[in-house]
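Trainee: So that we are looking at the same thing, I have put the structure below in C-alpha cells.
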Amino acid sequence: MISGLGVGVIGTGGMGGRHARNIHTAVGGARLAAVMDIDADRAGAVASLSGAAVFTDGEALIASEDVDAVIVASPDSTHAALARACLTHGKPALVEKPLATELEDAARIVEQEASLGKRLLQVGLMRHYDPQHVGVKFTLDDGAVGRPLMFRGWHRNPPEATPPTSAEVLVNSAIHDLYSARWLLGQEVSEIYVRGTTIDPARTDQLDLQLVTMAMSGGSLATIEVNKDSGFGYEVGVEITGSEGMVSTPPHHTSVVRRAGLMSQRVEPDWLERFAVAYVLELQAWTASVLAGRVEGPSIWDGYLTLAAALAGVESVSRDAPVHVDNPERPALYA
Ligand code: ISE
C-alpha cells in the first residue's frame, strides 16, 4: 500500500508545476497523487514524475478518493470556486494568492469555513516562509529595534509576455507585500493611496510601476514599490524602521564576485529561483499541519484582508485619492 498524504495539484503552470515537483521530491509524508490542467499534455508531463492521475476538471480532482489534500495553483480568477469546492468536500487545501479576485467571493469563503468551525484552507502568502523575511520577523518580535514605526517593501519583477493590468499589479503581485506589512508590523492596513506610472511608453494606461503608501491600524506608516518590468531581474525585500534601530532583509543571497576592479552579485531572474527554499518550507509546513489536523499558515482571513487592501488600492488608482480600508472584526476561528 502506498502511504502518505495524497496531494492533488490543480494547475501545472510555473507555480503549480513547482509545487507538484516539490511534493514529489522534497516533502516527507506527502505524495503527488493527482494533477489537473486544461492542457492535458502539460498535466501528463508533470504526472509522469510519480505516476499521478491526470484530470482536466478541477472539481473532479477534488472529489477523487485518492486525493486527501489539494493545492490550487490555477489562474487567479478560478481560485474562489475551487477553494469553496475543497471546503464542500472537506478537503484541506493550499490556495494560491489571491484567495479570490472579488471581495464578495472571499467573504463567502470565510463564511463557509467559519461554518465548519475549523480551518481547512491556507493561502499561498509564502513570504511567511522565506528565511530572510522570517529573520526580520524574529528581530522585530524580540524588540531588538524597538517599536516598529515604518515598513518599506520593494518588489521588482522581470517583464511578462502579457504585461499585467494596473489592477493585477496590486491584486496579483503587491498582495504579497500587503501581507508582509500586516504580518511584520502586526497591524492592519487602514488607508491606502496608490499612484503609478507606465514604464514602456508603447503601453497605454498600464501602470506597471506603482508606489503604495499606507496608514496602518497601530499608527505605523508603510510604503511598497512594485515594479513589473525592472529591466534587471527579480528583487524582493523589506526594511523596518523601529524606535531604536532598523532591520532589513539582506541583499541578494547569491555569491559576491570580485574581479577586474569590480565587485558584483548575480541577480535572481524570477521568483521561482529567489524563493526556491521558501516554496519547499511552505509545503513542508503545510503538509505537517494537515497531517496533524491543524492548518496553521496564512489563513483565508489573511487572504480576505490582503484582497480588501489590494482592491482599495485599485479604487485609489482610479480616484487618485487615499481610500479607507474596512477591517471587520476578526472571526474567532482566526484569533
Ligand atoms: C507571482 O504570481 C508571485 O506570486 C510572485 O511571488 C510575485 O513576485 C509576482 O509578482 C507574481 O506575479
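Each reported figure results from applying straightforward, stated rules to the coordinates on display, with no laboratory input. Everything numeric in this text was worked out from a predicted model, so none of it was measured. Backbone-built Cβ (ideal geometry, glycine too); neighbour counts: all protein chains shown.
Trainee: Within segment 73-104, count every residue that is surrounded by fewer than 20 Cβ atoms within 10 Å (Cβ to Cβ), charged (D, E, K, R) and within 16 Å of the ligand (Cβ to nearest atom).
Mentor: Final tally of qualifying residues: 1.
Trainee: Also: Six or more apart or on different chains, Cβ under 8 Å: which pairs go from a residue in segment 16-29 that's farther than 22 Å from Asp76 by Cβ and without any contact (Cβ under 8 Å) to a residue 40 or more places away in the chain to one that's basic (Lys, Arg) and surrounded by fewer than 21 Cβ atoms within 10 Å (Cβ to Cβ)? Could you list them?
Mentor: Pairs that qualify, where the first residue is farther than 22 Å from Asp76 by Cβ and without any contact (Cβ under 8 Å) to a residue 40 or more places away in the chain and the partner is basic (Lys, Arg) and surrounded by fewer than 21 Cβ atoms within 10 Å (Cβ to Cβ), are His24/Arg31.
Trainee: Here's a follow-up. For Thr223, only one of the following conditions fails: (1) of a type in the set (Val, Ile, Thr); (2) out of contact with any helix residue (DSSP H, G or I) (no Cβ under 7 Å at 6 or more places or on another chain); (3) within 16 Å of the ligand (Cβ to nearest atom); (4) closer than 21 Å to Ala181 by Cα. What is its number?
Mentor: Tallying (1) of a type in the set (Val, Ile, Thr); (2) out of contact with any helix residue (DSSP H, G or I) (no Cβ under 7 Å at 6 or more places or on another chain); (3) within 16 Å of the ligand (Cβ to nearest atom); (4) closer than 21 Å to Ala181 by Cα, Thr223 fails exactly one: (3).
Trainee: So which of Leu125, Leu149, Leu99 ends up being in contact (Cβ under 8 Å) with a residue 24 or more places away in the chain and either over 17 Å from the mean Cα position of the chain (by Cα) or over 30 Å from Thr197 (Cβ atoms) (or both)? Walk me through how you get there before you give the answer.
Mentor: Working: Leu125 fails: either over 17 Å from the mean Cα position of the chain (by Cα) or over 30 Å from Thr197 (Cβ atoms) (or both); Leu99 fails: either over 17 Å from the mean Cα position of the chain (by Cα) or over 30 Å from Thr197 (Cβ atoms) (or both).
Among Leu125, Leu149, Leu99, only Leu149 is in contact (Cβ under 8 Å) with a residue 24 or more places away in the chain and either over 17 Å from the mean Cα position of the chain (by Cα) or over 30 Å from Thr197 (Cβ atoms) (or both).
Trainee: Among the residues of segment 194-220, write down those that are more than 15 Å from the ligand (Cβ to nearest atom) and either assigned to a strand (DSSP E or B) or among the hydroxyl-bearing types (Ser, Thr, Tyr) (or both).
Mentor: As a first pass, look at segment 194-220 and keep what is more than 15 Å from the ligand (Cβ to nearest atom): 194-195, 197-198, 200-205, 211, 213-220.
Those that are more than 15 Å from the ligand (Cβ to nearest atom) and either assigned to a strand (DSSP E or B) or among the hydroxyl-bearing types (Ser, Thr, Tyr) (or both): Val194, Arg195, Thr197, Thr198, Thr204, Leu211, Thr213, Met214, Ala215, Met216, Ser217, Ser220.
Trainee: Going residue by residue through segment 69-79, is there one that turns out to be acidic (Asp, Glu) and in contact with a Pro (Cβ under 8 Å, 6 or more places away or on another chain)? Explain how you work it out, then say what you get.
Mentor: Taking segment 69-79 and keeping what is acidic (Asp, Glu), we get 76.
Remaining after also requiring in contact with a Pro (Cβ under 8 Å, 6 or more places away or on another chain): 76.
Checked segment 69-79: at least one residue is acidic (Asp, Glu) and in contact with a Pro (Cβ under 8 Å, 6 or more places away or on another chain).
Trainee: Given (1) surrounded by fewer than 20 Cβ atoms within 10 Å (Cβ to Cβ); (2) within 16 Å of the ligand (Cβ to nearest atom), where does His176 come up short, assuming only one miss?
Mentor: So the condition that His176 fails would be (1).
Trainee: For segment 188-203, enumerate the residues that are of a type in the set (S, T, N, Q), in contact (Cβ under 8 Å) with a residue 12 or more places away in the chain and over 16 Å from Gly219 (Cα atoms).
Mentor: Step one: filter segment 188-203 for residues of a type in the set (S, T, N, Q), giving 190, 197-198.
When the remaining residues are screened for being in contact (Cβ under 8 Å) with a residue 12 or more places away in the chain, the result is 190, 197.
Once the filter is applied, which keeps residues that are of a type in the set (S, T, N, Q), in contact (Cβ under 8 Å) with a residue 12 or more places away in the chain and over 16 Å from Gly219 (Cα atoms), segment 188-203 yields only Thr197.
Trainee: Of the residues that sit in segment 226-247 and are more than 28 Å from Pro164 (Cα to Cα) and in a loop (DSSP other than H, G, I, E, B), which one is nearest to the ligand (Cβ to nearest atom)?
Mentor: If we filter segment 226-247 for residues that are more than 28 Å from Pro164 (Cα to Cα), which is where we start, we get 240-247.
Filter once more, so that each one left must be in a loop (DSSP other than H, G, I, E, B): 243-245.
Values: Ser243: 30, Glu244: 31, Gly245: 28 Å.
Checking each candidate, the answer is Gly245.
Trainee: Shifting gears a bit: Which pairs do you get when a residue that is more than 12 Å from Gly196 (Cβ to Cβ) and of a type in the set (Asp, Glu), found in segment 206-235, comes within reach of a residue that is part of a strand (DSSP E or B) and within 16 Å of the ligand (Cβ to nearest atom), reach meaning Cβ atoms under 7 angstrom, with the pair 6+ apart or on two chains?
Mentor: Glu235/Trp154; Glu235/Arg156
Trainee: Tell me, which residue of segment 248-293 that is assigned to a loop (DSSP other than H, G, I, E, B) and either closer than 23 Å to Phe138 by Cα or among the polar types (S, T, N, Q) (or both) is farthest from the chain's Cα centre (by Cα)? Working first, answer last.
Mentor: As a first pass, look at segment 248-293 and keep what is assigned to a loop (DSSP other than H, G, I, E, B): 249-255, 260-261, 266-270, 275, 292-293.
From what is left, the residues that are either closer than 23 Å to Phe138 by Cα or among the polar types (S, T, N, Q) (or both) are 249-255, 275.
Numbers: Thr249: 18, Pro250: 20, Pro251: 21, His252: 20, His253: 21, Thr254: 23, Ser255: 27, Phe275: 11 Å.
Of everything passing the filter in segment 248-293, Ser255 is farthest from the chain's Cα centre (by Cα).
Trainee: Now for a separate question. I need a count of the residues in segment 252-272 that are under 16 Å from His176 (Cβ atoms) and either polar (S, T, N, Q) or surrounded by fewer than 17 Cβ atoms within 10 Å (Cβ to Cβ) (or both).
Mentor: Taking segment 252-272 and keeping what is under 16 Å from His176 (Cβ atoms), we get 268, 270-272.
Narrowing the set further to residues that are either polar (S, T, N, Q) or surrounded by fewer than 17 Cβ atoms within 10 Å (Cβ to Cβ) (or both) leaves 270, 272.
Residues that pass the stated criteria total 2.
Trainee: Still on this structure: Out of Glu168, Glu191, Glu160, which single residue is among the charged types (D, E, K, R), outside any helix (DSSP H, G or I) and farther than 25 Å from Glu329 by Cα?
Mentor: Numbers: Glu168 fails: outside any helix (DSSP H, G or I); Glu191 fails: farther than 25 Å from Glu329 by Cα.
Going through Glu168, Glu191, Glu160 in turn, the sole match is Glu160.
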